[in-house]
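The values are calculated or read from the model by the stated rules, or taken from the named source; none is laboratory data. Just so it is clear, the structure is predicted and the values come from calculations on it, not from any experiment. FYI the Cβ positions are ideal-geometry reconstructions off the backbone, even for glycines, and counts take in every protein chain you see. Keep in mind that these areas ignore ligands, DNA and RNA; they rest on the heavy atoms of the full protein, side chains included. Shrake-Rupley method; radii C 1.70, N 1.55, O 1.52, S 1.80 Å.
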Amino acid sequence: KAAMQRCWARISSIFKRPVQPNIQQQTKPIFGVELLSICVLPEYAGKGISTELVNRFENAILTNDKGLVAERCVLTVFADNLRARKFYEKMGYEILRQDDISVKYVKYFNK
């Protein structure tokens, strides 16, 4: 639990940066985000930590106080990482494109 809290603190710190002056609060720019990496120590695998991290990440990008609206989230997984692929598909991500090396997933919000 402590490891997850430290990891989450690092992720959430991204959303606490000051708003740039050129972003108008009354308009809500639409943007896409990319989930670069999630890792869980082997001894904690299968305990729901990855699910919790992805849920918190998605919640943070959807409920930020910067006036921004997330339209989509993309991520890339090695094609042979079947466990990760199954996990992201379970989380609602769809294949955007794939080749022999990698698979790019996308999840759209507010369709």
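Collect the residues in the range 39-65 that are modelled with pLDDT under 85 and among the charged types (D, E, K, R), keeping them in residue-number order.
Across the range 39-65, the qualifying residue is only ASP65.
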Name the single residue, out of those in the range 34-61 being assigned to a helix (DSSP H, G or I) and open to solvent by 80 Å² or more (accessible area, probe 1.4 Å), that is farthest from ALA2 (Cα to Cα). ASN59
Quick one: in the range 95-105, of everything that is charged (D, E, K, R) and part of a loop (DSSP other than H, G, I, E, B), which residue is surrounded by the fewest Cβ atoms within 10 Å (Cβ to Cβ)? ASP100
I'd like the full set of residues that are open to solvent by less than 80 Å² (accessible area, probe 1.4 Å), hydrophobic (A, V, I, L, M, F, W, C) and either closer than 20 Å to SER37 by Cβ or without any contact (Cβ under 8 Å) to a residue 24 or more places away in the chain (or both), limited to the range 63-94. ALA70, CYS73, VAL74, LEU75, VAL77, ALA79, ALA84, PHE87, MET91
